[in-house]
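Just below is one structure, and these are the notes that go with it.
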Amino acid sequence: MQLNLEWAGAVLVVTVTDPRIDAASAVDFKDGLRKAVPSEAERIVLDLSQVDFIDSSGLGAIVAATKALGPNQPLELAGLTPKVASVFELTRMDSFLTIHATRSAALAVAAANG
Amino acid sequence: MQLNLEWAGAVLVVTVTDPRIDAASAVDFKDGLRKAVPSEAERIVLDLSQVDFIDSSGLGAIVAATKALGPNQPLELAGLTPKVASVFELTRMDSFLTIHATRSAALAVAAANG
Amino acid sequence: MGEESCAPVRPTRHDAAKPPSVRVILPSTPLGVRKGLGEINTILRASGYSQEECGTVEIVLAEVLNNVVEHAYSAPGDDLIALQIGPARAGLSFLVEDNGREMPEGGPPIGKLADKHSDLLSLPEGGFGWFIIREVAHDVAYRREDGRNRLSFRIAVG
Amino acid sequence: MGEESCAPVRPTRHDAAKPPSVRVILPSTPLGVRKGLGEINTILRASGYSQEECGTVEIVLAEVLNNVVEHAYSAPGDDLIALQIGPARAGLSFLVEDNGREMPEGGPPIGKLADKHSDLLSLPEGGFGWFIIREVAHDVAYRREDGRNRLSFRIAVG
Ligand SMILES: Nc1ncnc2c1ncn2[C@@H]1O[C@H](COP(=O)(O)OP(=O)(O)O)[C@@H](O)[C@H]1O
Ligand SMILES: Nc1ncnc2c1ncn2[C@@H]1O[C@H](COP(=O)(O)OP(=O)(O)O)[C@@H](O)[C@H]1O
C-alpha cells in the first residue's frame with residue numbers, strides 16, 4: 001500500500017496512491033498509516049482523491065485508524081471520489097467522520113482552526 | 001492417494017479408491033504404488049473401476065510404474081470407466097499396456113496363465 | 001430494504017444496458033476477488049451499464065465475495081467461488097455458490113448499523129458488510145444444498 | 001487434427017446444449033485446476049452438454065491448465081490463470097491466459113506419440129499432454145502479447 005506523506009505546518013497530509021482500499025489491502029493500509037503518523041502530527045488529512053474503490057474492510061480500517069489516533073490527533077478525510085463517497089454515505093459513516101471536499105479545503109479549515 | 005490391497009494367490013490387486021489420478025495426485029499415486037508392491041507379487045492388477053478421471057500425469061505415472069516393475073512383475077489394468085478408457089485409447093497406450101474389462105476377468109486370465 | 005432506502009447508491013434507469021448471462025469462477029482469496037470484480041466490471045460496462053451502476057454492483061459483490069473468503073472458507077488456498085449473473089425482472093440477478101461452511105445461524109446476518117447517537121470512539125470497526133448488502137440488494141435468499149452455500153439476490157440496475 | 005482424427009473422444013451432436021459464457025480465474029496450483037475443472041463440469045452439465053462431451057472438455061482443459069501450472073509459472077504460488085469459455089461456430093471456444101514464461105519455441109509443442117513399434121520399456125512417461133490437446137481440440141492458436149500467453153482453441157461439442 002503506497003502512502004505519500006507531506007507536511008503543511010503541523011498538519012500531515014497522507015495521500016493514498018493505490019486505487020483500492022479493499023479486503024486485499026486494508027490491513028496493509030492500516031499498518032502503513034500507523035507507521036506513517038508521528039506524534040508531532042497535530043492533525044491528519046487523508047487524501048483519498050486517487051482512491052477509486054473502498055469496501056467495508058477499507059472503511060473499517062479508516063474507522064479503526066481514526067479511533068486509534070484519538071481526539072488529540074484528529075484524522076479527517078478529503079477528496080472522496082463518487083464510489084468511495086457513496087460507501088461512506090450508505091453506512092452513515094459520513095456523519096461520524098469529518099469529510100472535506102478537497103485536500104485544500106481540508107487544509108484551509110485546519111489553518112482557520114489553528 | 002487411497003490404495004486398497006488384496007491378494008488373490010500371488011496376484012496383488014491394487015484398487016484405487018480416489019476418483020481422480022491427475023496432476024494433483026499422480027506423484028502420490030506413483031509413490032503409493034511403489035510402496036504397496038512387495039517382491040512376492042508375481043502379477044499386479046490395478047483396479048481402476050472407481051477412478052472417474054485420469055489426465056496425462058496419471059497416465060505417465062501408470063506407464064512409469066509398469067516400466068519400473070518390469071516384465072517379472074507385470075502390471076495389468078482392469079475396470080476402466082469410459083472417460084479413463086478414452087484417454088488410454090487417445091494416446092494409444094491401450095496397445096502397450098494389458099487392459100482387462102473387469103477385475104475378475106483380469107484374475108481369470110492370471111489364473112489361466114498360472 | 002425497499003427501493004427507497006438505497007438513495008446514496010441509487011440505480012439510474014435507461015434503455016442502453018443489455019443484461020449479460022455470465023458465469024464467473026474465482027479463487028477464494030482477497031486478490032482473486034479483486035481480479036474477479038475487475039472482470040465483472042469490464043463485462044457490465046461492455047453490456048451498457050453506467051459507471052455508477054457498475055459501482056453499485058461492485059460494492060455488493062465485494063461484500064458478498066469477501067465474506068465467503070473470510071468466513072465460509074477457513075484459510076485462503078485453492079478454494080473457488082462460483083458466481084452467476086443473469087437478467088432479472090428488474091435489474092440483474094446474482095447467485096453466489098461456495099463449498100465452505102454453513103452460515104452461522106442457518107442464514108445471512110441481519111446487518112446492523114452504528115447507533116446514530118454513538119460517538120466516534122464507540123463505532124464498530126467491522127460488520128458493515130451485511131448492512132451494505134441488505135441496503136442495496138433485493139430478494140436476498142440463502143440456502144444450503146449439497147454441502148454448498150447458495151446466496152441469491154437482485155440488484156436494481158439497468 | 002481434423003474432425004475425423006478424434007475418434008476415441010468423439011463429440012456427439014444434439015440440440016439440447018446451450019453454450020454458456022464463462023469467465024474463470026484459477027489459482028495456478030494442481031488443486032486449483034482440479035477444483036476449476038469441477039466447477040466447469042457443473043456449468044456445462046447444467047447447460048445441456050452430455051457427460052461424454054464434458055469429459056472431452058475436461059481432458060483438454062486439464063492438459064492445458066496443468067501445463068501452465070507446471071511449465072509457464074515457476075512454482076505454485078499466487079499466480080492466476082484466466083480462462084474464457086464461449087460459443088463458437090461449431091462447439092465451444094476457449095481462451096487461456098497466463099503471465100508466465102513464453103512457450104519454449106515461441107509456440108506450443110507439436111505433441112508426438114510413442115512409436116507404434118517401440119516396446120513397453122522404451123515408452124515415454126510424459127509428453128502426452130500436447131498430443132491430447134492437438135488430437136481433440138481444433139484451431140489451436142498461440143500468441144504472446146503484453147507479457148502474457150494467450151492460447152485459444154475450439155472443442156467440437158454441443
Ligand atoms: N458467507 C458467510 N459464511 C459464514 N459466515 C458469514 C458469512 N458472511 C458473514 N458471516 C458472518 O456474519 C458476520 C457479519 O458479516 P459482515 O457484516 O460482512 O461483517 P464482517 O465480515 O466485517 O465481520 C461475520 O463476522 C460472520 O460471522
Ligand atoms: N504452457 C506452457 N508454457 C511453457 N512451456 C510449455 C507449456 N506447455 C508445454 N510446454 C513445454 O512443452 C513440453 C511438452 O508438454 P506436454 O506435451 O504437455 O508434456 P509434459 O507436460 O508431460 O512435459 C513440456 O515439457 C514443456 O517443456
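The values are calculated or read from the model by the stated rules, or taken from the named source; none is laboratory data. Remember, it's a predicted structure, so these values are computed and weren't measured experimentally. Counting neighbours? That spans all protein chains shown, and the Cβs are built from the backbone with ideal geometry, glycine included.
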Single unsatisfied condition, D:Pro87 versus (1) farther than 20 Å from D:Asn149 by Cα; (2) in contact (Cβ under 8 Å) with a residue 40 or more places away in the chain; (3) not in a strand (DSSP E or B): (3)
message: Scan the stretch C:67-78 and tell me whether some residue there is in contact with a Leu (Cβ under 9 Å, 6 or more places away or on another chain), within 12 Å of another protein chain (Cβ to nearest Cβ) and farther than 30 Å from A:Ala65 by Cβ.
response: yes
message: Being surrounded by fewer than 19 Cβ atoms within 10 Å (Cβ to Cβ) and either touching a helix residue (DSSP H, G or I) at 6+ places or on another chain (Cβ under 7 Å) or more than 14 Å from chain D (Cβ to nearest Cβ) (or both) is the filter here; which residues of the stretch B:13-31 pass it?
response: B:Thr17, B:Asp31
statement: Condition set on the phi > 0 side of the Ramachandran plot and out of contact with any Pro (no Cβ under 7 Å at 6 or more places or on another chain), scope the stretch D:128-158, selection nearest to ligand 2 (Cβ to nearest atom): answer is D:Gly147
statement: Counted residues in the stretch C:113-137 being touching a Phe, Trp or Tyr at 6+ places or on another chain (Cβ under 8 Å), without any contact (Cβ under 8 Å) to a residue 24 or more places away in the chain and either in a helix (DSSP H, G or I) or within 9 Å of ligand 1 (Cβ to nearest atom) (or both) come to 1
task: Looking at (1) more than 12 Å from the chain's Cα centre (by Cα); (2) of a type outside the set (D, E, K, R); (3) more than 19 Å from C:Ile59 (Cβ to Cβ), find the lone condition where A:Ile44 falls short.
output: (1)
Members of the stretch C:28-45 that are in contact with a helix residue (DSSP H, G or I) (Cβ under 8 Å, 6 or more places away or on another chain), more than 7 Å from every other protein chain (Cβ to nearest Cβ) and closer than 23 Å to C:Gly91 by Cβ: C:Leu37, C:Ile40, C:Asn41, C:Leu44, C:Arg45
message: So D:Ala141 ticks every box in (1) assigned to a strand (DSSP E or B); (2) touching a residue at least 40 places away in the same chain (Cβ under 8 Å) but one. Which box is left unticked?
response: (2)
- prompt: Mind checking which residues of the stretch C:91-132 are closer than 27 Å to C:Arg144 by Cβ and of a type in the set (Asp, Glu)?
  reply: C:Glu97, C:Asp98, C:Glu102, C:Glu105
- line: Only one of (1) part of a helix (DSSP H, G or I); (2) touching a residue at least 60 places away in the same chain (Cβ under 8 Å); (3) within 10 Å of the chain's Cα centre (by Cα) does not apply to D:Leu65, and that is (2)
- prompt: Looking only at the stretch A:32-61, which residues are assigned to a loop (DSSP other than H, G, I, E, B) and within 14 Å of chain C (Cβ to nearest Cβ)?
  reply: A:Val51, A:Asp52, A:Asp55
- prompt: Say we look at the stretch D:9-49 and pick out the residues that are at pLDDT below 95 and of a type in the set (A, V, I, L, M, F, W, C); which of these is farthest from the chain's Cα centre (by Cα)?
  reply: D:Ala16
- prompt: How many residues are more than 8 Å from every other protein chain (Cβ to nearest Cβ), crowded, with 18+ Cβ neighbours inside 10 Å and part of a helix (DSSP H, G or I) when one looks only at the stretch A:62-84?
  reply: 3
field: Single residue of D:Glu97, D:Glu105, D:Glu58 found to be closer than 18 Å to B:Ala24 by Cβ and away from ligand 1 (no atom under 16 Å from the Cβ)
entry: D:Glu58
message: Test of understanding: among C:Ile25, C:Ile81, C:Ile110, which residue is away from chain A (no Cβ under 14 Å), more than 16 Å from ligand 2 (Cβ to nearest atom) and not in a loop (DSSP other than H, G, I, E, B)?
response: C:Ile25
query: Could you count how many residues in the stretch B:93-112 are touching a residue at least 40 places away in the same chain (Cβ under 8 Å) and surrounded by fewer than 17 Cβ atoms within 10 Å (Cβ to Cβ)?
result: 2
message: For the structure I just gave you, tell me whether B:Leu90 is out of contact with any Pro (no Cβ under 8 Å at 6 or more places or on another chain) and either crowded, with 19+ Cβ neighbours inside 10 Å or more than 8 Å from every other protein chain (Cβ to nearest Cβ) (or both).
response: no
